[in-house]
Amino acid sequence: MGKKILLEHIDKPEIKGIEGYIKYGGYRSIEKALKKMTPDEITEEVKKSGLRGRGGAGFPTGMKWSFLFKGSDKPRYLLCNADESEPGTFKDRLIMEKIPHLLVEGMIASSYALGVRTAYIYIRGEYMYILRILEQAIAEAYAKGYLGEKILGSDYSLDLYVHPGGGAYICGEETALIESLEGKRGNPRIKPPFPAVAGLWGCPTIVNNVETIAKVPFIINEGGETYSKIGIGASTGTKLISACGNINKPGVYEIELGLPVEEFIYSDEYCGGIKGGKQLKAVVPGGSSVPILPQRLVTKTAAGTPRLMSYESLAEGGFQTGSMLGSGGFIVFDEDQCVVRNTWNFSRFYHHESCGQCSPCREGTGWMEKILHRLEHGHGHMEDIDLLWDVQRKVEGNTICPFGDASAWPVAAAIRHFRDEFEWHVLNPEECTRRNYGMGVAAAEPELV
Amino acid sequence: MTATNNIAFSPERMAEVQAIIKRYPEGRQKSAILPILHMAQHDFGGWLSQDVMDHVADLLDIKPIEVYEVATFYTMFHLRPVGKKVLEVCRTGPCMLVGSDNIVQYLEKKLEIKDGDTTPDGMFTIKTVECLGACGYAPMMQVGEKYHEFLTPEKLDRLLDEFRKDA
Amino acid sequence: MAKVTIDNVTVEVPDGTTILNAARAIGENVPPAMCYYSKLKGSGGKCRVCLVKVTKSSEANPRGMPKLVASCCTTVADGMVVENVTSPEVIEARKGIVELLLINHPLDCPVCDQAGECHLQDLSYEHGAATTRYDFERRTFEKIDIGPYIQLHMNRCILCYRCVYTADQLTDGRVHGVINRGDHAEISTYISNIIDNDFSGNVIDVCPVGALTDRTFRFKSRVWFTKPMDAHCDCDKCSGKVTLWLQGEEVLRVTGRKDQYGEVDEFICNTCRFERKKKSDWVIEGPRRIGTHSVISQNHLPYELNVVNPQIAQPQ
């Protein structure tokens, strides 16, 4: 049983309300921060902890905070990225739904550290019911004096609001999120300037993921060093992994980084193995954008060492034989799943979600989807596979924001590891519409009940 | 410009609108556009007509085109009339792995409409959507604000009956 | 001031200059720009055809940049080293982006009023491939008349946003913008609102392709059959400095005066553009200098052409 930082008390329903939350040790970090620590000391602890951004990029949080421009008298803003939309990822939702005060507490502590007077939680519009939970929690925090003017009798004041999105994956990109919060289309901005210098309304801004923010109270309470001792190497602490796909126990698990992937998939404490006793075919370990790993590279790296759940181990071998920890959206495929179909599905997602601002992504995502659609539906040609490879290369790295890369990587990895399956689709145009490559069952006609 | 066709929020809702605008610094009232569009869609028949969007532009003191630009960018806003209950079924990877295609087909067969269409009685619209962040509880759909997870044909039958009674 | 080296040529430019403008200062091998427009604030960064490789970020930071960067919105630093045409990676990426820009473009140049002065045409000629690998149905939209003077041909649009910035910055009531998302995004008035403003016609001049064209010039002639003349008039709304496009004695079209990068020197008003269509309305200054790459100069300036293979250019 690994260390739990976020979900220790998740099974206690009363933790949703402020009284229950305080009963289990909540809001201690605010007392400590406001009464015993300076803002810079908190940033220092966060740096020491080695905490890395939990939204997917894994950028060191303390370093990001230290970039916040403090040389002007412009207000500074902290934005919480709760636009969780990466397919396979549903971890932030659990925190906000069951322990909303953990996020509120983290926002207050982080805002104090950054000298922020107004902070916003940008939550995806589809999570409207969670927005209401958060607003309730914020109202409770105001009533208890944790928010508003002169918090706990100190000189520090903070206002915290929740802002809903309107249905756009791209708003998870931090500059698109800022644009969206400004009431515009979610078109990512050209960087530099980075938000830490000129973000929301041109003011210095920090954008952090929900899980990242939720880690801050622990770091303040227990110290950055304690946190840094959890985990493995540069992958410190714990990570929420949302496991889904063909497994016995889908759900959100808090793991200590460094847990072997094999244990995560097969142990009853976590995923509980592949559903129906089937074989594992592949895993997408960090949300739809990261490269897919074929079975032989899931539990072991190409070098033969055990693959661990950590930023470094999952990335070992580069994109040739590795992948990324990403957002922690762990998607498991059993032997009956079709990689071509799944890649087409992901491509359709990126086509649908492209903001359309810059040309490689706007045009490239649509082209990739069309080629994949053709391959999956038995109308493909052998040249299509090379064409697809070529198109993804033209999109990757040439766009304003990382969305272009995110749309290209899954396609590249699928061809890299499962080219035989693409070829089989071309060679068996009729059969591929009825069953999947290798093993598999015919898709069942739905029956009216 | 003034609102046409008697599109206007009720006084209680107008107070809510004003409270939302106050969350943002002065002169940044445009930031309130998404929350207010959600309210408008809820209050004015489940979709955003041009009149409704013009009213929102009026409230926020911005140009109407700025509202159209935003409303057409975000997929939660309906720009055409929809049924009383919009069945937003997730179709993305993790849901597909566990049978969301069958769920959509089942709904299409049962309601005798295609994805994107509304039943002739104006009761249901089927709308396939991209990932709603419920991948572990798939297949799933969202109706209104509520998530319905672990869908099966039997569960759908029950839900559709409930929705009909509810409407 | 900052010293920057682009394709082995070093130039000194003021701090804050973009790589593209530094290249323009050098004047050779300037990266193409389809969305950047120096007179429109906030433009640039979107089309990605101006991507270049930075092999050295600055004197202080000798590392290069990990990805290709958009030269129109990346500022120079002292000691920066940039590769444009000398980088095979840049040429390859640009070729790819041109291909992507063209997959949904109708390629209807034979019936397009922009043909002959179209930047996408130049770009595909210089950087594109002769054939397309895209064999799906192209995206189509209905043509829209935006008021009596301007036609929007959305099929041809590359979403550079220049017209949106023009309307925002030149007029006080923008009624058109970009609606929808991804590859369904389109320039629209949402509900055919009429662009009714004294300076709305400038959206035609800033459009790099044939998406926004002058209805008063529609199908009148081809660009290469007209003679451009600089002219001016006493106008109370704008500078009155324009280019007239003549066929014989007839003024077929009035536009702003465009420089070698296709940018107008000064924006002109709708009265000058659409209503002063008689030669007597104008004081003619003389013929406009034509760039050698222009289709108008074809077969007229053989010896000035900078031809790569000199044997072809030699008159027999």
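The values are calculated or read from the model by the stated rules, or taken from the named source; none is laboratory data. All of these numbers come straight from a predicted model, not from anything done at the bench. Cβ coordinates were reconstructed from backbone atoms using ideal geometry, including for glycine residues, and neighbour counts include every protein chain displayed. Remember, those area values only see protein heavy atoms, side chains included, never the ligands or the DNA or RNA. Shrake-Rupley method; radii C 1.70, N 1.55, O 1.52, S 1.80 Å.
Could you please state how large a percent of the accessible area of chain C is carbon and sulfur, counting protein chains only and using a 1.4 Å probe?
50
Quote the charge dipole size of segment A:232-334 about the Cα centre in Debye, to the nearest 20; the model charges only the Cβ of Lys and Arg (+1) and of Asp and Glu (-1).
Around 360 debye, computed over segment A:232-334.
Between residue B:28 and residue A:319, what FRET efficiency comes out of the Förster formula 1/(1 + (r/R0)^6) with R0 = 56 Å and r the beta carbon distance, rounded to 0.05?
So, using R0 = 56 Å, E works out to roughly 0.85.
Average the reciprocal distances over every distinct pair of alpha-carbons in segment A:13-229, invert the result, and give the Kirkwood radius in Å. Write down the numbers at each step before the final one.
Working: mean 1/r = 0.0586 Å⁻¹.
Computed over Cα pairs of segment A:13-229, the Kirkwood hydrodynamic radius comes out at 17.1 Å.
How shielded is C:215-227 by partner chains, expressed as the average number of their Cβ atoms within 10 Å of its Cβ atoms?
0
Treating the beta-carbon of each Lys and Arg as +1 and of each Asp and Glu as -1, no other charges, what is the dipole magnitude of the protein assembly as shown about its Cα centre, to the nearest 20 debye?
860
What residues have an amide H closer than 5 Å to that of residue B:129, excluding those fewer than 5 places away on the same chain, when H is modeled at 1.01 Å from N in the peptide plane?
B:89, B:90, B:91
Find the sum over both chains of the accessible area lost when A and B are paired, probe 1.4 Å, and report it in Å² to the nearest 100.
Separately minus together, A and B give about 4500 Å² buried.
Please report Rg (one decimal) and Dmax (integer) in Å for the Cα set of chain A.
Calculated on Cα positions, Rg and Dmax stand at 22.5, 73 Å.
Mind giving me the nanometre distance, one decimal, between the label points for residue C:15 and residue B:155, set 7 Å out from Cα along Cα→Cβ?
Roughly 6.1 nm, to one decimal.
Taking 1 over the mean of 1/r across every pair of different Cα atoms in segment B:32-156, what Kirkwood radius in Å do you get?
About 15.5 Å for segment B:32-156.
Please report, as a whole percent, how much of the solvent-accessible surface of chain A comes from carbon and sulfur atoms (probe radius 1.4 Å). Please list the in-between numbers first.
Details: 8060 of 15060 Å².
Percent of accessible area from carbon and sulfur atoms in chain A: 54.
Send over a whole-number figure in Å² for the accessible area per residue of segment C:220-292, probe 1.4 Å.
Per-residue accessible area for segment C:220-292 comes out at 50 Å².
Just to confirm the number: angle between the C-alpha axis of helix A:128-143 and the first principal axis of chain A, 0 to 90 degrees, nearest 10?
The answer is roughly 10 degrees.
Roll a 1.4 Å probe over the protein heavy atoms and report the accessible area of residue C:133 in Å², nearest 10.
Approximately 90 Å² of residue C:133 is accessible to the 1.4 Å probe.
Using +1 at the C-beta of Lys and Arg and -1 at the C-beta of Asp and Glu, which of B:19, B:150, B:47 has the Cα lying farthest in the positive direction of the dipole of chain B?
B:150
Sort the following peptides by mean Cβ neighbour count (other Cβ atoms within 10 Å, averaged over residues), highest first: A:38-46, B:146-154.
A:38-46, B:146-154
Given a 1.4 Å probe, show me the residues in segment B:108-154 buried by at least 30 Å² of accessible surface when comparing the whole protein assembly to the chain alone.
Checking the loss per residue gives B:109, B:130, B:131, B:132, B:133, B:135, B:136, B:137, B:145, B:147.
What number, in percent, do you get for the relative contact order of chain C if the mean sequence gap of Cα pairs under 8 Å and at least 6 apart is divided by its residue count? Write out the running numbers ahead of the final one.
Values: 575 pairs, mean separation 41.3, N = 316.
It comes to 13 percent, rounded to a whole number.
What is the average number of partner chain Cβ atoms found within 10 Å of a Cβ in C:171-181?
6
Measure off 7 Å from each Cα along the Cα-to-Cβ vector at residue A:59 and residue C:135, then give the distance between these two points in nanometres to one decimal.
4.3
Here are some pairs, A:150/A:215; A:215/C:41; A:4/A:32; A:32/A:249; which of them have Cα atoms lying more than 30 Å apart in this structure?
Pairs exceeding the cut-off: A:215/C:41; A:32/A:249.
Using +1 at the C-beta of Lys and Arg and -1 at the C-beta of Asp and Glu, which of A:125, A:108, A:212 has the Cα lying farthest in the positive direction of the dipole of segment A:13-229?
Most positive-ward Cα: A:212.
Measuring from label point to label point, each 7 Å out along Cα→Cβ, what is the residue C:85 to residue C:235 span in nm?
3.5
Total Å² of accessible surface buried at the A-C contact, 1.4 Å probe, nearest 100?
2800
Going down the list C:3/C:46; A:394/C:95; A:64/A:98; C:46/C:143, which pairs span over 19 Å between their C-alpha atoms?
C:3/C:46; A:64/A:98; C:46/C:143
Which FRET efficiency value, to the nearest 0.05, do you get for residue A:225 and residue A:143 by plugging their Cβ-Cβ distance into 1/(1 + (r/R0)^6) with R0 = 45 Å?
0.80
Give the dimensionless ratio obtained when the Cα radius of gyration of segment A:145-264 is divided by 2.2 N^0.38 Å.
Ratio of Rg to 2.2 N^0.38 Å for segment A:145-264: 1.37.
Taking the Cα of residue A:22, stepping 7 Å toward and past its beta carbon, and measuring to each backbone N in segment A:130-149: which are under 18 Å?
Within reach of a label on residue A:22: A:136-149.
Could you pull out every whole DSSP H run in chain C that spans at least 15 Å of Cα extent along its own axis and averages 0.0 or higher on the Kyte-Doolittle scale?
Correct list, ordered by number: C:88-103.
Could you derive backbone 3J(HN,Hα) for segment A:225-242 from the dihedral phi with the Karplus parameters 6.51, -1.76 and 1.60 (θ = phi - 60°), listing whole Hz in sequence and x where the residue is Gly or Pro?
With coefficients 6.51, -1.76 and 1.60, one gets 5, 4, 4, 5, 7, 7, x, 9, x, 7, 9, 8, x, 10, 9, 7, 10, 9 Hz.
For chain A, what does the accessible surface come to per residue with a 1.4 Å probe? Please give it in Å². It would help to have the intermediate numbers written out before the result.
Numbers: 15060 Å² over 449 residues.
For chain A, the per-residue accessible area is 34 Å².
Per 10 Å bin, what is the whole-percent P(r) computed from every C-alpha pair distance within the protein assembly as shown?
P(r) for the protein assembly as shown, in whole percents per bin: 2, 11, 19, 24, 21, 14, 6, 2, 0, 0.
Once the Cβ-Cβ distance between residue C:277 and residue C:38 is put in as r, and R0 is 25 Å, what FRET efficiency do you end up with, to the nearest 0.05?
0.30
Identify, among B:56, B:34, B:67, the residue whose Cα sits farthest towards the positive end of the charge dipole of segment B:11-73, taking +1 on the Cβ of Lys and Arg and -1 on the Cβ of Asp and Glu, with the dipole about the Cα centre.
Positive-most Cα among the choices belongs to B:34.
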